[in-house]
Amino acid sequence: MELKNLTNVHLIDVGVALSTKEEVIWYLTEKLAQEGKLHSAEEFYRDVLKREALSPTGLEAGLAIPHGKSRAVKSASFAVAKLKKPIENWESIAEHNKVSLVFLLAIPEEEAGSTHIELLAELAKRLSRAEYRKRLQNCTSAEELYDALDDVEEKNEHKMAPSAQTIVAVTACPAGIAHTYMAAEALQKAGQELGVTVYVEKQGANGIEDRHTDEQLQKADAAIFAADVAVKNEERFSHLPIYRTTVAAPLKDAKEVIQKALEAAKTKEKTEYKPQKSERPSETVSWKTEVKNSILTGISHIIPIIVAGGMILAFTVLVAQAFHLQQLYDTENSWLWMLRKLGGNMLGTLMIPVLSAYMAYAIANKPALGPGFAAGIAASMINSGFLGGMLGGFLAGYFMKLLKKQLPPKGTFSGFISFWVYPVVGSLVVGILMLFVLGKPVAGLNNLLLHWLDNLSGSNAVILGAILGIMVSFDLGGPVNKAAYTFCIGAMASGNFIPYAAFASVKMVSAFSVTAATLLFKRYFAEYEREVGKSTWILGLAGITEGAIPFMINDPIRVIPSLCIGSAVTGAIVTASHIGLNVPGAGIFSLFVLQGAPLWKAGMIWLGAALIGALISMILLVVTRIHKLKKQQGLS
């Protein structure tokens, strides 16, 4: 395979003097942009940083492979930097990895299944070989490194020889590119050294590759799931002892992973393999982890519904107001009314059942989907809102997990049990519990919470808004930010629209303050910070907080308090003004759908609050940066 087809000499630099991960990524991003590989350098840079937050891209032996799938990429390509001085604090799989060779992979979203990904997978596999890495690291010029990319002998290294033991493995990472293929390579190589036959199925950006055959699954003694995401078609492995670990584990010590899988095979015997008819085995996952995964799975599945429904609803309101089509907006079966109902039903009808269903799915797999949807519908019927939906998800998941354990699908009636008993009994039992037993108290609690929110005034409203503001900007899209988002969506689902209005206004603060600080006070900020700052205000208008992440990472002690203080002021102003917003994810278009005051007044308060908070945060960012620079000068 020709890796040279995805790069050129101008995308390679040797002896680069950069000192941080962000500087390297931005430097290589600019190279890709200059060579016409990107639509937008800023958007691609932001997408790469989002990927960085998922798992380490530093590997071992001085290697790092940051990467991103992005709409900003015109064609699949990669850029390379051989650093003059290694970066010691690049988050890596191997401890004390000093990164000196960096490959930045750029993959267009629409080409996720093309041959480009196969070539990038080949790059990842080659870099897992020590002799190949060493040859690249010894290059002294861009031309030499470019020529060395394809200077490799094709070896059939993984031809499986007969052995006493066989393992089937699955590797998968969130991006589905580098880690997926490198972990597979590491497992196969370690299997050869241990005398164990290892068949690896890659579940990456190119879909399922090297899918396990029935013969391999039948002969296997154990299975390895080296994955940071859910394994597809996991029921195929239910007859085997399964060792679960992260996708990074084989890169650290693949032999240890294989040995632990073989130890699992000694403690638990495999059962008869029945193609496509077995269910997911019980897992040795802690209750706390299972609950957390369930909530995150449910929320991740409703976010697209919330964003799409919110934008459609915002569009209909905007069209009705801009073109004086209010009568058409209210006329049943008109085109505008139907679009309005489409967006409204995505939020009002779909959101809670989907939340419950996929929370249940995360606990008990596919059989829990039907009961999960039933629980969510029941939660909506009794007006128990977001809290009821979450309770329904847990009920459906754990009831189905118990039912599968007590009534496994065996023998002649296995099909009847799987396709009739599970969905019917599960939906009926969970529905009854939600409608007549457990759902009522939760509905009461939900109404109490709604009543409390409705009656917030004065200092109480100010405190709530300030807390929400701090949570939004504390980690800029991280777990604390997501907790605030979940609370606001739950309040919205229950009929209180004030918290989300504050949330939406605060989301602009960090972006506006970073842009203002870097444009008005350029001399205090590095070049790459000024470049990033040019686009963060646009991200803020879209309700995206991640644009300020580079600033937070580089100087969290000063940046986080600066952003949080301004955000707290913004949140307090909005909640104290009792402005509401019933359309999530609309960004700056939220101006046209605000509630609680005349539109011009609500818009002035909502946007004005964001600008006031941004001004405060900007001043604090600049003052703390000046103090930092003076301190550094004093030390020098």
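What to note about this one:
- Largest to smallest accessible area among LYS98, LYS82 [probe 1.4 Å]: LYS98, LYS82
- The stretch 289-439 - Kirkwood radius from inverse mean 1/r over Cα pairs (Å): 16.5 Å
- Loop GluC sites (Glu not before Pro), the stretch 2-37, which have at most 15 other Cβ atoms in a 10 Å radius of their Cβ (DSSP): GLU2, GLU35
- Taking the chain and dividing mean pair separation by its residue count, relative contact order in percent (alpha carbons under 8 Å, at least six apart): 8 percent
- All-pairs Cα distance distribution in the chain, expressed in whole percent, bin size 10 Å: 3, 14, 21, 23, 21, 13, 4, 0, 0
- Charges were assigned to the Cβ only: +1 to each Lys and Arg, -1 to each Asp and Glu. The resulting dipole of the stretch 289-439 about its Cα centre is roughly 540 debye.
- FRET efficiency estimate (nearest 0.05) - Cβ-Cβ, LYS232 to GLU2, R0 22 angstrom: 0.15
- For the chain, the residue among ILE432, VAL247, LEU217 whose Cα projects farthest onto the positive side of the dipole built from Cβ charges is ILE432.
- Counting only DSSP beta bridges with both residues in the chain, the antiparallel share comes to about 35 percent.
- Share of carbon and sulfur in the accessible heavy-atom surface of the chain [1.4 Å probe, %]: 60 percent
- Averaged over its residues, the chain has an accessible area of 44 Å² per residue, based on protein heavy atoms and a 1.4 Å probe.
- Trypsin sites (Lys or Arg not before Pro) lying in DSSP loop within the stretch 202-261, provided at most 15 other Cβ fall within 10 Å: ARG211, LYS232
- Shape of the stretch 3-148, Cα gyration tensor, a/c cut at 1.5: rounded
- For the chain, a simple Cβ point-charge model (Lys and Arg +1, Asp and Glu -1, everything else neutral) yields a dipole of about 1360 debye relative to the Cα centre.
- Considering only LEU519, LEU607, VAL593, and ranking their Cα positions along the charge dipole of the stretch 459-633 that arises from unit charges at the beta-carbon of Lys, Arg, Asp and Glu, the one farthest toward the positive end is LEU519.
The values are calculated or read from the model by the stated rules, or taken from the named source; none is laboratory data. This structure is a prediction, so every number in the text was calculated from the model and none was measured. Please note: Cβ atoms are built from the backbone with ideal geometry, for glycine as well, and neighbour counts cover all protein chains shown. Each accessible area value is taken on the protein alone, full model and side chains, heavy atoms only, with ligands, DNA and RNA left out. Shrake-Rupley method; radii C 1.70, N 1.55, O 1.52, S 1.80 Å.
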